[in-house]
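Working notes for the structure below.
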């Protein structure tokens, strides 16, 4: 069962995307009729392979690029007709490390706050820099910082005007483990304070750990939007791995109708099944193995990760056909 990619309008949506398409001058269509509601206060993870349209969608919501068709509102403000009000509700941490190289950390973060018409708030900026382990670097020029520290500055700039909506575009790309932990701790705190977080990431385990909902985009089309738990329940499978007492050279023909996979050393037999079904078939399988005289000394179960589900969603059958042609 595949979840519907079309979002249903909700009263608590803080970002509403309706019929958005983006076609560039050369004719390339980066987004195709995207419909999506982001709920107020949630963490929404947007997943997709490189070139799928993730950054284009974020850039369009933030007003960096204009949609060819469709409408977007941010906290009730149309992102085209009421751009300044809409943009003031949004913080954006881009992939690229574009910073004011000759400014100090304090100056550039403080200046970013003023750009959005916010009154000076030194205590807030101090707390922000301390939360991002930047306080001891506040007087350093940005050009002297490491790549990881520059990434922290980008996050501080995005949060400087206390936005209601925060976009994180591949925030973990190329950063150290310490920053990643600091960043996700801060994300959790922001969500608890009511900030809505939208992130794109290649670190699927982070999306699995952090996100409330998952969206998957492929070739500019939003193919899945679903609560994370529901997505994993609907599309995930469980596996039962049996450690055999004696190796097999192949799965016996009498068991060919079962979805079984034999390890290369012949010592592990893996059975895939749908855990949501009333009859998983495990009892029948174990009985069939006994009839064949196949003994096992241990068994363990596991279930599909979000990464497994993501790969299955973005995999296209025609790619396999081309490879075999």
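Quick look at the numbers
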item	result
Contact order relative to length of the stretch 13-233, as percent, for alpha carbon pairs under 8 angstrom and 6 or more apart	28 percent
Ordering of 293-300, 132-139 by packing [mean C-beta count within 10 Å, highest first]	132-139, 293-300
Euclidean distance between Cα centres, the stretch 156-226 to the stretch 28-60, Å	12 Å
Fewest-first ranking of 38, 282, using other Cβ atoms within 10 Å as the exposure measure	282, 38
Percent RCO, i.e. relative contact order, over the stretch 63-104, from Cα pairs under 8 Å lying at least 6 residues apart	27 percent
Ranked list, fewest to most other Cβ atoms within 10 Å of each Cβ, for 210, 183	210, 183
Cβ-based exposure ranking for 231, 240, 199, in which fewest neighbours within 10 Å come first	240, 231, 199
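Read-outs: derived from the displayed coordinates by stated rules, not from any lab. Just so it is clear, the structure is predicted and the values come from calculations on it, not from any experiment. Cβ atoms come from the backbone with ideal geometry, glycine included; neighbour counts cover every protein chain shown.
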